[in-house]
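Asks: I'd like to ask some things about the structure below.
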Amino acid sequence: MISQVVVLSLRGDTIISRNYRDDVPKNTAETFFRKVRFWGAETEGRSGESAPPVFNSDGVNYYHIKTAGLFFVAMAKTNAPPSLILELIQRVAAVIKDYCGTLSEDVIRKNFILVYELLDELIDFGYGQNTSTEYLKSYIFNEPLTVTTVAAPGKSASIFAPNTRSAAAATSKSVVEKPKKGVTRDEIFVDIVEKVSVTFNASGYLLTSAIDGSIKMKSYLSGNPDIRVALNEDLAVGSTENSPFAGDYGKGGGVSLLLDDCNFHSCARLKDFDADRTITLTPPDGEFVLMNYRTTHEFKPPFKIYTAVEEVAPYVAELVIKVRAEFPASKNGSNVVLKMPLPKATTRASCHIGPGQTGQTTEWKESTKEIQWSFKKISGGSDHALRVKLTLSEERVPNIKREMGPVSLSFTIAMYNVSRLVVRYLQILNKEKGYNPYRWVRYVTQSSSYISRI
Amino acid sequence: MSDGKFFTTTKKGEIADLKEELHSLDKAKKKDAVKKVIAAMTVGKDVSMLFPDVVNCTQTDNLEMKKLVYLYLINYAKTQPDIAIMAVNTFVKDSQDPNPLIRALAVRTMGCIRVDKITEYLCDPLQKCLKDDDPYVRKTSAICVAKLFDISPEIVEDRGFLDNLKDMLSDSNPMVVANAVAALAEIQDNSTKPVFQITSHTLYKLMAALNECTEWGQVFILDSLVKYEARDARDAESIVERVTPRLQHANCAVVLSSVKVILAQMDVITNTELIRTLCKKMAPPLVTLLSAEPEIQYVALRNINLIIQKWQNILTNDIKVFFCKYNDPVYVKTEKLEIMIKLASERNIDQVLLEFKEYATEVDVDFVRKAVRAIGRCAIALERSAEACINVLLELIQTKVNYVVQEAICVIKDIFRRYPNTYETIIATLCENLDTLDEPEAKAAMIWIIGEYAERIDNADELLETFLETFLDESTLVQLQLLTATVKLFLKRPTEGPQQMIQMVLNQATQETDNPDLRDRAYIYWRLLSTDPEAAKDVVLAEKPTISDDSNQLDADLLHELLQNIGTLASVYHKPPDAFVSRARVAVTRGEDLEEDPLGSGEEGEASDMADPTVAAAAPPAAETPAPAVAAVTDLMGDLMAPAAPSALAPVPAAAPAADPLGDLLGLDVSAAPAPVPMPVAAADPFALMDQSQPAAAQPKPILLDASKAQGLEIRGVLAREGGVVFWDLDFSNQSQSQLSGFQVQFNSNAFGFTPKPNGLADLVVPPGGSASAKLHMMPGGAPATALTNMLQVAIKNAQQPVWYFTPTIAVEQCFTEEGLLDRDAFLGMWKSLPDVNERTQMFPAANVPSVDTFTLKMRAHNVYFMAQRPVPGTNQIVTYWSSKLPQAVLLLEMTLQVGVPGVKCCIKSANPDYAPLAFMAVEKLLASATN
């Protein structure tokens, strides 16, 4: 099991180091950092980035995740399961975040005593103990010192629309923080986050599409009351008898929301799920994922991308890219960035944005031979076009299309989800009348791998 | 105010200040001081001198403070065991505190302090806490037993803690059960005795706890269930039934451990319908793991790779989910490729090929190459889809992207191997790209194709010729392929052009390169071609066995073992746990065994590892790692040396079928100089002036192997003869840091057929900085080399160093045997029977024999026997006759000389006159010694 847990900055400074067994050498943190930093450098001539999350060096096994600009690293000498250890250090990071409100190098440095106290409680002799934030409250005595100036404002909150920004900021408060000025604010956040992966072929035909969704919750309800979450009634899980939730429910025609698979947090009570698609739970403190789901069934991709390439003259080619936002006009896409690699023979690319299109920028990166087209905002239903003139160093580039692309698009659409999964209602059970805490239900769709091939 | 400020105190006198603050009466100030100490500790500063002051703070009711002090204690107790004992009372007191948190904290901390004296005091509190009313204290105590076992297994046994743990499996609190399982499993791992065996009774209890405990506890329990052997199919079915709901857990580790348990029970379950259902149930959760963070995805993919090797149909319908995403990290993409290849079938190959083709245009060169390889591997695995694969490869070749073309050619070669004589029509396309090839592997592949299909490629000779122009500049891989391809061409088309090419290639390969593999292969071909071209055809053009794609395919036993280890590191590394877990431990060992601690005392190990008897009793881990390296060297040695001496001790590798012929091969080119020696030659001719009558005892023997060239190993030596045996009298001196032993020695074939006595140097041990002597007997009777020189190529190795080569000269005068003594009639008969062609003559103008009698004695000492003497009429000269024998030839000598006057003419007659030149060398030396 785990011999040591270390938290490192991306520069390699050891911020936290907790030894659970005295069986690894002293310099493991350095060894780890050197390995990760120069991974593949000797053999493949490239470095960094690609170190697998689990590797062995001199008899010590290193497990790591990278989050919030930090490495969380565990070391072990035995055949300790990486699935368990990676999940565990991920949880360690999450618990620290729950306690301190946010997670950053600064936060950990400021709260190092608390972090040590947490590490002692979360892991004993390398074995994961109870990691629920709720449970830990009775065993942790240090109080978190929140860092007031949280990174760049809007950076963490920006995935949600401006009107809920205050709510997003609220989620970065500590779960154990004492209410300020005696004002208690009971609230609960439910975020339905969907990550969309889509691949179009050159003619715009959908090759693969998938949604990885999750329902995240963060509860600040005092007294931890039971709540009930109701999802779409027409929800069906598993198209065949594969899924234990398949049941007969929703099979009688009119099924409109099909999931391939889903799983739940251990606090979820599912006795009514088959009957009416409701989940009852006692939300633990802190952030947790109530449900993960996944579907490869058809859905309407939020963006369509068209490209056309033509070699108009020797040494010159012309590229046209069109993007159409296929979601309701009331919604907006933000942080939309389109990237496309151009042929190696390209020496210059001049971009011309269509008339009347504002809030857009283009960039030609010569070193990577890539163009980037960024939008401040895209409203649903709108069309955008970009014309790019390519100057080539060769008279003709054979297979010019082969050397280009694929087009990749990254975006965030707030208050919209492609699967149409909804939280029909969120009911707080067993509470006296008049108790009406804030219930924030937010939807967001993000790109995971959104690709159009040329 | 924040804890961060504690990091900022770096002023001088800091320690003194801290000391003062630690003794402050103000509790807040005291706490701050401890925090400062911990901060200093974290950044690596040594604050151990504050130990007594910090220990002083243990007497507090404040839990926060207590935790801080204990954190410090854990860190420094090792270095200050005597003061640490001061804290014992507090621990013992705390373990009886009314507050369960404090009781648990005391037990947890004591277990972390690996100091013998503290451990002694731990047992009683632990015993109590194991039966504590509070589950938090019990679950902490359960883990503490594992800690104690790590420090002292015998205490755990003697005090019966194992039974306590087993009782805990029935605890009402699931967290306690889970920790007891974890502790027992760890103890079992490190013990040879059966400690933790799940019976049907405990099984029931574990199953009950499984549904209640934390996700980590679920993993501990599930992992322990894997080892449970179900009594029958029904038993297995009931386990599976209870575990299946766990597949729905959001935690990847729980899912994988559940899959592991289910797969293990599937071996027992007989109901095929149920197995089918289980396969279907496992698929969606496995796929869902791919929605997690990339780190988890990687672990999941490595495991899925294993699972589908046994249960391929689990995921065949889900191949699409393994298509690479644009933003997947490389390590995820690579694993997905691997799985796509394994799941590819005739049904989905079109889709898969489309993907691969797309990947082959991506930016990451390494990934592109892997994608191209993947197409080839699909072609090899799926016979009916091979053509489709080849078409995609051809399309890729048309892109003319250099590395794509080269990779494609490499895989097409494999496809040709797999489906001989099926797809040669595409060779023309391949040939168009000849000039773009600049990577050795691609070149070698193309050359192989040309050679293999030489009869179908009209201009095969021209193509090869272009490569041959740069033969000497090519890498070995290409050279070897060129050599073979040219031979194939020649055998298929024995016309003038190819003949010239083969001549050139063989000459260059044997004479102008210094790669022994290449040279040897060229010699073999040469010999084959010159003795029996038909045999050469049988060898070179033989039908090759069909290949299959076995890359990344595991053998059944290993796969079985890995499937039992799903979720663990072994499943990610695809290696059995023994291969990377070095802490192999043995059962409880008693104190007396510790006396024989084979490890000696380590530096930092003293306090921790050495206090741990299990480590001491285990096989020293250090010895494990070098072992393969030694084996590898031995193999290398075998490869290098076996040809010369099949009887030698070095393992004869399969790769040396040329064992016997090598002797001939070295002399194949009869007129040529001695075979080139690849390694630097250490000594030139150390024996030239040596003579047995001038024993070298007083002066050091000539250097054979120079210490500066052999990592500090120096070998000096002379060849001597005693009691009818020829031997090297060798002095070894070792200027390196390590002891040298396990010497092995080999000779290349030589004129006298000498081989070293097997294990002749086996007992030799040369201490670091010391020296040792040995006599290495030269055993006659080996096949002599055809090129007769007095050079001896020697390879010597030991267990610590690589192989060293040196080439001393053989002092021929030591090699005459006692059997050289003939009676006069035999001599006369032989002399007369030998025709003039068997006669060689040499003049030694400087030689001067002062006295025939002394000379006769000298000659006799070297087994050259005086036969007769007659005066030459009309002169002062005399003619002397001598008989002698080298191991391979009887030599009759006639020397004409005048006593006291320089100038000796020597004439040698022998049935084997090739040895005459060697004998002349001996005669010259013997004459020279007579002159003095």
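The values are calculated or read from the model by the stated rules, or taken from the named source; none is laboratory data. Quick caveat: nothing in here was measured; it's all calculated off a predicted structure. Here the Cβ is made from the backbone with ideal geometry for all residues, glycine too, and neighbour counts use every protein chain on show. With ligands, DNA and RNA removed, areas are computed over all heavy atoms of the protein, side chains included. Shrake-Rupley method; radii C 1.70, N 1.55, O 1.52, S 1.80 Å.
Asks: What net charge is computed for the residues neighbouring A:Asn335, neighbours being all others with C-beta under 10 Å from the C-beta of A:Asn335, Lys and Arg scored +1, Asp and Glu -1?
Replies: Net of charged neighbours comes to +2.
Asks: On the first, second and third principal axes, largest extent first, how far apart are the outermost C-alpha atoms of chain B in Å?
Replies: Largest first, chain B extends 129, 74, 62 Å along its Cα principal axes.
Asks: So if the hydrodynamic radius of region B:818-931 is defined as the Kirkwood radius over C-alpha pairs, what does Stokes-Einstein give as its diffusion coefficient at 4 °C and 1.567 mPa s, in µm² per second?
Replies: 93
Asks: As I understand it, the value is the acute angle between the Cα axis of helix B:116-129 and the longest principal axis of the Cα atoms of chain B; what does it come to in degrees, rounded to 10?
Replies: Between the helix axis and the principal axis of chain B, the angle is about 40 degrees.
Asks: Also, I was wondering about something else. Determine the gain in length on full extension of the stretch B:Thr425-B:Gln877; use 0.36 nm per residue of separation and subtract their C-alpha separation, reporting nm with one decimal.
Replies: Fully extending the segment from B:Thr425 to B:Gln877 adds 154.4 nm.
Asks: May I pose another question? For chain A, take the longest principal axis of its alpha carbons; what is the angle in degrees between that and the long axis of helix A:82-100, to the nearest 10 within 0 to 90?
Replies: 80
Asks: Can you pull out the trypsin sites (Lys or Arg not before Pro) in region B:834-932 that DSSP calls coil and that have at most 16 other Cβ atoms within 10 Å?
Replies: Counting only loop positions with at most 16 other Cβ atoms within 10 Å, none of the trypsin sites (Lys or Arg not before Pro) in region B:834-932 qualifies.
Asks: Using amide H atoms built in the peptide plane, which far-off residues or other-chain residues are under 5 Å from A:Leu259 H to H?
Replies: Under 5 Å from the amide H of A:Leu259 lie the amide H atoms of A:Ala236, A:Val237, A:Gly238, each far enough along the sequence or on another chain.
Asks: Right, here's the next one. With a 1.4 Å probe and every protein chain left in place, work out the accessible area per residue of region B:818-931 in Å², rounded to a whole number.
Replies: Details: 5350 Å² over 114 residues.
Using a 1.4 Å probe on heavy atoms only, each residue of region B:818-931 averages 47 Å².
Asks: Just the C-alpha atoms of region B:785-879: what Rg/Rh do they give, with Rh taken as the Kirkwood radius? Intermediate values should be presented prior to the final figure.
Replies: Values: Rg = 19.4 Å, Rh = 17.6 Å.
Rg/Rh for region B:785-879 comes to 1.11.
Asks: I'd like the distance between the alpha-carbon centres of region B:306-365 and region B:482-506, rounded to an integer number of Å.
Replies: The distance from the Cα centre of region B:306-365 to that of region B:482-506 comes to 43 Å.
Asks: If you rank A:Arg324, A:Arg37, B:Arg493 by how much accessible surface each has, with a 1.4 Å probe, what is the order from largest down?
Replies: Ranked list, largest accessible area first: A:Arg37, A:Arg324, B:Arg493.
Asks: Rounded to the nearest 100 Å², what's the accessible area chains A and B bury against each other, both chains counted, probe 1.4 Å?
Replies: Working: alone 22500 and 43380 Å², together 58190 Å².
Buried area between the two chains comes out at roughly 7700 Å².
Asks: How about B:Lys93: which aspartates and glutamates have a C-alpha closer than 14 Å to its C-alpha, ignoring those fewer than 8 places off in the same chain?
Replies: B:Asp61, B:Asp124
Asks: Over all directions, how big on average is the projection of the convex hull of the alpha-carbon atoms in region A:37-132, in square nanometres? Present the calculation step by step, with values, prior to reporting the outcome.
Replies: On the way: hull surface 27.7 nm².
Quarter of the Cα hull surface area: 6.9 nm².
Asks: So who's got an amide H within less than 5 Å of the one on A:Phe200, skipping anything under 5 residues away but keeping other chains? H placed 1.01 Å off N, in plane.
Replies: So A:Phe200 has HN proximity to A:Leu207, A:Ile451, A:Ser452, A:Arg453.
Asks: Still on this model: Threshold 10 Å², probe 1.4 Å: give the residues of region A:80-94, in number order, that are less accessible with all protein chains present than with their chain alone.
Replies: By number: A:Pro81, A:Pro82, A:Ser83, A:Leu84, A:Leu86, A:Glu87, A:Leu88, A:Gln90, A:Arg91.
Asks: Leaving out same-chain residues fewer than 8 places away, which lysines sit with a Cα under 18 Å from that of B:Lys492?
Replies: B:Lys537, B:Lys544
Asks: Can I ask one more? Helix A:112-122 versus the longest principal axis of chain A: what angle, 0 to 90°, nearest 10, using Cα atoms?
Replies: With both axes taken from Cα atoms, the answer is about 80 degrees.
Asks: What is the local net charge at B:Leu713, summed over the other residues whose Cβ is closer than 13 Å to its Cβ (Lys, Arg +1; Asp, Glu -1)?
Replies: Charge balance in the 13 Å sphere: 0.
Asks: Please list, by residue number, every one of the chymotrypsin sites (Phe, Trp or Tyr not before Pro) in region B:123-179 that is coil in DSSP and has at most 11 other beta-carbon atoms within 10 Å.
Replies: When the chymotrypsin sites (Phe, Trp or Tyr not before Pro) of region B:123-179 are filtered for loop state and at most 11 Cβ neighbours within 10 Å, nothing remains.
Asks: Oh, and also: When Lys and Arg each count +1 and Asp and Glu each count -1, what net charge do the other residues less than 9 Å away from A:Arg348, Cβ to Cβ, add up to?
Replies: 0
Asks: Using the Cα atoms of region A:303-414 to build a convex hull, what is its mean projected area in square nanometres?
Replies: 6.6
Asks: Same structure, new question: Relative contact order (percent) for chain B, with alpha-carbon contacts under 8 angstrom and 6 or more residues of separation?
Replies: 6
Asks: Turning to a different aspect of this structure: Of the heavy-atom accessible surface of the protein assembly as shown (probe 1.4 angstrom), what whole percent is carbon and sulfur?
Replies: That fraction is 51 percent.
Asks: Please sort by residue number the GluC sites (Glu not before Pro) in region B:344-374 whose DSSP state is loop and whose Cβ has at most 15 other Cβ atoms within 10 Å.
Replies: Passing sites in region B:344-374 are B:Glu346.
Asks: Could you please state, rounded to a whole Å, how far the C-alpha centre of region B:814-850 is from the C-alpha centre of region B:707-782?
Replies: So the separation of the two Cα centres works out to 33 Å.
Asks: Is it possible to state the helix-based mean residue ellipticity at 222 nm for the protein assembly as shown, with each DSSP H run of 4+ residues giving -39500 (n - 2.57), the sum divided by total residues, to the nearest 500 deg cm²/dmol? What is it? Intermediate results must be reported in sequence, preceding the final value.
Replies: Values: 48 runs with 514 residues, N = 1386.
About -11000 deg cm²/dmol.
Asks: Further, regarding this structure: For B:Val726, list long-range residues whose amide hydrogen, built 1.01 Å from N in the peptide plane, is under 5 Å from its own amide hydrogen.
Replies: B:Met778
Asks: Next question. Which of the pairs B:Lys29/B:Lys78; A:Lys66/A:Lys369; A:Lys26/B:Lys128 have their Cα atoms more than 31 Å apart in this structure?
Replies: Correct reply: A:Lys26/B:Lys128.
Asks: Sticking with this structure for a sec: Let me know the Rg and Dmax you get for region B:395-532 when you use only its Cα atoms, in Å.
Replies: Answer for region B:395-532, Rg first and Dmax second: 14.7, 47 Å.
Asks: Taking each pair of distinct Cα atoms in the protein assembly as shown once, what is the resulting Kirkwood hydrodynamic radius in Å?
Replies: Computed over Cα pairs of the protein assembly as shown, the Kirkwood hydrodynamic radius comes out at 38.0 Å.
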